[in-house]
1. Evaluate segment 53-70: report whether one residue or more is open to solvent by less than 60 Å² (accessible area, probe 1.4 Å), in contact with a Phe, Trp or Tyr (Cβ under 9 Å, 6 or more places away or on another chain) and modelled with pLDDT of 80 or more.
2. Tell me the residue from ASP105, ASP99 that is assigned to a loop (DSSP other than H, G, I, E, B) and free of Cβ contacts under 8 Å to residues at least 40 places away in the same chain, please.
3. Against the condition under 30 Å from TRP17 (Cα atoms) and either free of Cβ contacts under 8 Å to residues at least 12 places away in the same chain or not in a helix (DSSP H, G or I) (or both), how does LEU120 come out, does it pass?
4. Could you list, in sequence order, the residues of segment 64-89 that are in contact with a helix residue (DSSP H, G or I) (Cβ under 9 Å, 6 or more places away or on another chain) and farther than 15 Å from PRO137 by Cβ?
5. Of the residues that make up segment 120-140, is at least one modelled with pLDDT of 90 or more and open to solvent by 100 Å² or more (accessible area, probe 1.4 Å)?
Amino acid sequence: MIEELAVVVKIDNHQVWVESGQTGACGGCLQKTSCTTNVIGSVLKKKSVPVDCDIPVKIGDSVMVAIDENLLLSASLLLYLLPLIALFIGAGIADGLLDNSTSADLWIAASAIVSFLLSLWLINKVQKLLMLSIRRPVVVKKL
């Protein structure tokens with residue numbers, strides 16, 4: 001299990017919404033001006049994530065949230081490998097169907113991009129169905 005410190009921001013039945021806290025190194029590091037992690041963290045808004053919770057908590061509590069490594073690995077493969085495979089398949093299909101005309105390279109590139117974007121769209125649509133069938137992150141302890 002991979003664990004992360006988080007803060008409870010909302011409570012609904014047995015589900016709590018948490019936001020990940022900043023790591024200790026990011027708060028006191030002397031390299032803030034040249035660190036890309038600090039820049040990215042300041043630009044992106046914090047996002048609340050729903051997690052399952054059987055422990056009594058209240059808003060503002062610090063909790064330890066855990067997620068299964070296999071779930072994280074399969075989600076990473078789905079998000080990174082599937083669009084890449086779709087890109088190559090789209091380019092390969094277009095290359096096989098087109099003859100060696102002057103604009104064949106343009107059509108192959110367009111087909112690759114369209115198949116890549118289509119795979120991202122499908123992942124986004126199927127994501128909600130996959131989340132219902134797999135285990136979600138859980139709160140393991142209150143700090």
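The values are calculated or read from the model by the stated rules, or taken from the named source; none is laboratory data. Owing to the predicted nature of the structure, the values given are computational and were not obtained by experimental measurement. Don't worry about glycine lacking a Cβ; one is built from the backbone with ideal geometry, like all the others, and counts go over all protein chains shown. Just so you know, the surface numbers come from the protein's heavy atoms only, side chains and all, with ligands and any DNA or RNA stripped out. Shrake-Rupley method; radii C 1.70, N 1.55, O 1.52, S 1.80 Å.
1. Initial filter on segment 53-70 (open to solvent by less than 60 Å² (accessible area, probe 1.4 Å)): 53, 55, 57, 60-68.
With the extra rule that they be in contact with a Phe, Trp or Tyr (Cβ under 9 Å, 6 or more places away or on another chain), the set shrinks to none.
Within segment 53-70, not a single residue is open to solvent by less than 60 Å² (accessible area, probe 1.4 Å), in contact with a Phe, Trp or Tyr (Cβ under 9 Å, 6 or more places away or on another chain) and modelled with pLDDT of 80 or more.
2. Going through ASP105, ASP99 in turn, the sole match is ASP99.
3. Details: under 30 Å from TRP17 (Cα atoms): yes; either free of Cβ contacts under 8 Å to residues at least 12 places away in the same chain or not in a helix (DSSP H, G or I) (or both): no.
So LEU120 fails the test.
4. Correct list: LEU78, LEU79, LEU82, PRO83, LEU84, ILE85, ALA86, LEU87, PHE88, ILE89.
5. Looking only at segment 120-140, we keep the residues that are modelled with pLDDT of 90 or more, and these are 120-122.
Those still in the list that are open to solvent by 100 Å² or more (accessible area, probe 1.4 Å) too: 121.
Yes: segment 120-140 contains one or more residues that are modelled with pLDDT of 90 or more and open to solvent by 100 Å² or more (accessible area, probe 1.4 Å).
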